[in-house]
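Right, one structure below, let's go through it.
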Amino acid sequence: MKRKKVVFSGAQPTGSLTLGNYIGALQNWKFLEKEHNCLYCIVDLHSLTVRQDPEEFRKISLSFLAQYLASGLDPEKNIIFFQSHVPQHTELSWILGCNTYVGELNRMTQFKDKSERNRDNVNSGLFTYPVLMAADILLYKTDLVPVGEDQKQHLELTRDIAARFNNLYGETFPIPEIYTPKIGAKIMSLQEPTKKMSKSDENLNSTILLMDSEDIVVKKIKRAVTDSENVIAYRDEQPGIKNLITIYSCLTGLSAEEVVSKYEGKGYGMFKTDTAEVVIEFLRPFRKNYEDYMRNPDFIEKVYKTGAQRAYELAEDTMILVRERMGLIQK
Ligand code: AQP
């Protein structure tokens, strides 16, 4: 029988998930669960590259798990777990780090961006983060990685590391492919639509959070930066409007062209009101599910414990092979 493809992805539990995280990644996760073996991880160790308040961090991590479930991921079909519960991630990360060049890590644009934003804490974890990400992916012999466009460079590096390891030590890892949505792979900031929407953006009006109330969504979309053309067109010269069309399209299933023709001759005011309505309609069931899950901590715990157990077994199978390939004495 043909082996089902393995899918791995994750998000860092910092702040709260944005509509960008959902459209760029989570929406595809749900889609892929039907025909693949999927592992969806809360990559909590990655969050430590930025200082966290421990009490708050614990709450955010659990809230992320509830948000994964609220966005429709089925814990029976998928392995849902915390990265820190499966110690092989850090073990493989060390081994891969010994096969990654400093020059390669120096080229990572996210490191440059994040170290500028966190000047008082440019730690070595921030620099080696892409190696841990490569380990997250390769540990499960992943074939497909559904992520947003911002992760492309890290995924290219993962592929290079996998190919190098296979060449040096023998065929071990499949070379993973990136899987991005055709439209919506990069949802932009509502305030600076040439920059990606990011959950750590200090300007709260830039992001729509999955946890935002209806009033807040309306306010944020009303304030979204547009232009003075007053024509609803899907083109790079109008990045603010293009972004809103993208959001509208991804949440309704209409193509960008269909959205444009629906609003032909209409003003920005009406388009923004309708876009806010589309977002609210999407968020309403999400919120209800989220609250139901948060009222059920026992269920949440069962999901992450079962997930970690299943992930651990798969991870250990890979590590036995990796240790063998590297000449480490088996336990
Ligand atoms: N704006 C975006 N549009 C489309 N996809 C996006 N993703 C992030 N932002 C957008 C995708 O969401 C997944 C989870 O992201 P992450 O938690 O790993 O962190 P990130 O990529 O660094 O995203 P953020 O929101 O910008 O987080 P912070 O501010 O904490 O660094 C990934 O698949 C990502 O591609």
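Semi-axes of the equivalent ellipsoid for region 150-284, computed as √(5λ) from the eigenvalues of its C-alpha gyration tensor and ordered from largest down, come to 36, 17, 14 Å. Against the chain, whose longest principal axis comes from its Cα atoms, helix 239-252 is set at around 70 degrees. Amide H contacts under 5 Å for residue 179: 145, 147, restricted to partners 5 or more places along the chain or on a different chain, H placed in the peptide plane at 1.01 Å from N.
For the pair region 157-231 / region 286-328, the C-alpha centres are spaced 24 Å from each other.
Rounded to the nearest 10 degrees, the inclination of helix 124-138 to the longest alpha-carbon principal axis of the chain is 80 degrees. Computed with the Debye formula from one identical point scatterer per Cα of region 1-148, without solvent, the log10 of I(q)/I(0) at q = 0.09, 0.14, 0.18, 0.20 Å⁻¹ comes to -0.29, -0.71, -1.17, -1.39.
Under a 10 Å cutoff between Cα atoms, tell me which one of 136, 212, 317 has the largest fluctuation in the Gaussian network model of the chain. Greatest mean-square fluctuation among the candidates belongs to 317. Less than 5 angstrom separates the built amide H of residue 79 from those of 38, 39, 40, all sequence-distant by 5 or more or on a different chain. The C-alpha atoms of the chain define a longest principal axis, and helix 268-294 lies at about 40 degrees to it. In region 180-250, the inverse of the mean reciprocal separation of distinct Cα atoms equals 12.5 Å; this is its Kirkwood hydrodynamic radius.
Looking at the chain, the DSSP beta bridges with both ends there are about 10 percent antiparallel. Remark: for residue pairs 34/288; 59/186; 182/288; 219/262; 114/331; 195/302, the C-alpha separation exceeds 31 Å in 114/331; 195/302. Taking every alpha-carbon pair within the chain, the share separated by more than 32 Å comes to 32 percent.
FYI, it's all coordinate maths here, none of it is from the lab. Quantities reported herein were computed from a predicted structural model and do not represent experimental measurements.
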